[in-house]
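Here the structure comes first, spelled out in structure tokens, and everything after it is commentary.
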Amino acid sequence: NAGVTQTPKFQVLKTGQSMTLQCAQDMNHNSMYWYRQDPGMGLRLIYYSASEGTTDKGEVPNGYNVSRLNKREFSLRLESAAPSQTSVYFCASSELRVNYGYTFGSGTRLTVV
Amino acid sequence: QQQVKQSPQSLIVQKGGISIINCAYENTAFDYFPWYQQFPGKGPALLIAIRPDVSEKKEGRFTISFNKSAKQFSLHIMDSQPGDSATYFCAALTGNQFYFGTGTSLTVIP
């Protein structure tokens, strides 16, 4: 099925560990996004890539890095995980200004202990 | 600072009733206003959207009402069903970024 695929679905990390969240889309969208979702906070943009080869900070970029590996893939890296990064992470892709909507992945539930 | 303010945080409606969720914004640069529906364990999915040059958009039981002068927009779910129980997010687009509301948890009681 066409869409956005995120891996892993669940992850538990110890404080200070690093990990990379993977995201791939097969809709040939130019734009890709990483959001975090926390109770009472809604969805907050971490980083986005408007097109292959470009990345920009969103609302809450501290503690994260991203790589737009190619048009399909956009990864999010936590270099030194902190308990404050416990959250559900969603990747999304879009052809903004063309179809205007996001397609979200099913999320990664990350717990940092 | 929350760019898009959403209320209520939670809502309980009887089956067959009308569910109403409201959002407000200040940034007049926003030019597209979607609503997303999210079921537990899933990512949000686009439900319905409106542009600011239209005051109302209806798709089946879902209607967006948009008041440009008041900078408010709302989602109305007519004849609410238990299957509509989910979290709903409003959003607003400017440039390349969407800004999301904090979400409304809707429960429809049979």
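Inside region A:14-42, residues that are in a strand (DSSP E or B) and surrounded by 19 or more Cβ atoms within 10 Å (Cβ to Cβ) make up a count of 12.
From the list A:Leu45, A:Leu76, the lone residue that is in a strand (DSSP E or B), facing chain B (nearest Cβ under 10 Å) and surrounded by 19 or more Cβ atoms within 10 Å (Cβ to Cβ) is A:Leu45.
Residue pairs whose Cβ atoms lie under 7 Å apart, sitting 6 or more positions apart in sequence or on different chains, and linking a residue in region B:4-32 that is closer than 15 Å to B:Thr102 by Cα to a partner that is part of a loop (DSSP other than H, G, I, E, B) and open to solvent by 70 Å² or more (accessible area, probe 1.4 Å), are B:Tyr25/B:Gln3. A:Thr86 satisfies every condition listed in (1) buried (at least 17 other Cβ atoms within 10 Å of the Cβ); (2) under 14 Å from the mean Cα position of the chain (by Cα) except (1).
If you go through region A:1-13 and keep only what is open to solvent by less than 40 Å² (accessible area, probe 1.4 Å), assigned to a strand (DSSP E or B) and within 23 Å of B:Ala91 (Cβ to Cβ), you end up with A:Val4, A:Gln6.
Being without any contact (Cβ under 8 Å) to a residue 24 or more places away in the chain and under 15 Å from A:Cys91 (Cα atoms) holds for only one residue in A:Gly63, A:Gly58, A:Gly42, and it is A:Gly42.
The number of residues in region A:48-72 being outside any loop (DSSP other than H, G, I, E, B) and crowded, with 17+ Cβ neighbours inside 10 Å comes to 5. If you go through region B:73-99 and keep only what is open to solvent by 10 Å² or more (accessible area, probe 1.4 Å), within 27 Å of A:Tyr48 (Cβ to Cβ) and of a type outside the set (Gly, Ala, Ser), you end up with B:Thr87, B:Thr94, B:Asn96, B:Gln97, B:Tyr99. Among the residues of region B:16-55, those identified as more than 13 Å from B:Asp84 (Cα to Cα), of a type in the set (Gly, Ala, Ser), surrounded by fewer than 16 Cβ atoms within 10 Å (Cβ to Cβ) and away from chain A (no Cβ under 13 Å) are B:Ala29, B:Ser55. Which numbered condition trips up A:Ala81, out of (1) away from chain B (no Cβ under 14 Å); (2) open to solvent by 10 Å² or more (accessible area, probe 1.4 Å)? For A:Ala81, the exception is condition (2).
Residues that are at pLDDT 95 or above and of a type in the set (Lys, Arg): find the strands (runs of 3 or more DSSP E) completely inside region B:14-61 holding 2 or more of those. Here the list reads B:56-59.
Here B:Ile12 fulfils each of the conditions (1) within 14 Å of another protein chain (Cβ to nearest Cβ); (2) surrounded by fewer than 16 Cβ atoms within 10 Å (Cβ to Cβ) apart from (1).
The values are calculated or read from the model by the stated rules, or taken from the named source; none is laboratory data. Note that the coordinates shown come from a computational prediction; the quantities given were computed from them, not determined experimentally. Note: ideal-geometry Cβ built from the backbone for every residue, glycine included; neighbour counts use all protein chains shown. When the accessible area is computed, the model is the full protein with side chains, heavy atoms only, and any ligands, DNA or RNA have been set aside. Shrake-Rupley method; radii C 1.70, N 1.55, O 1.52, S 1.80 Å.
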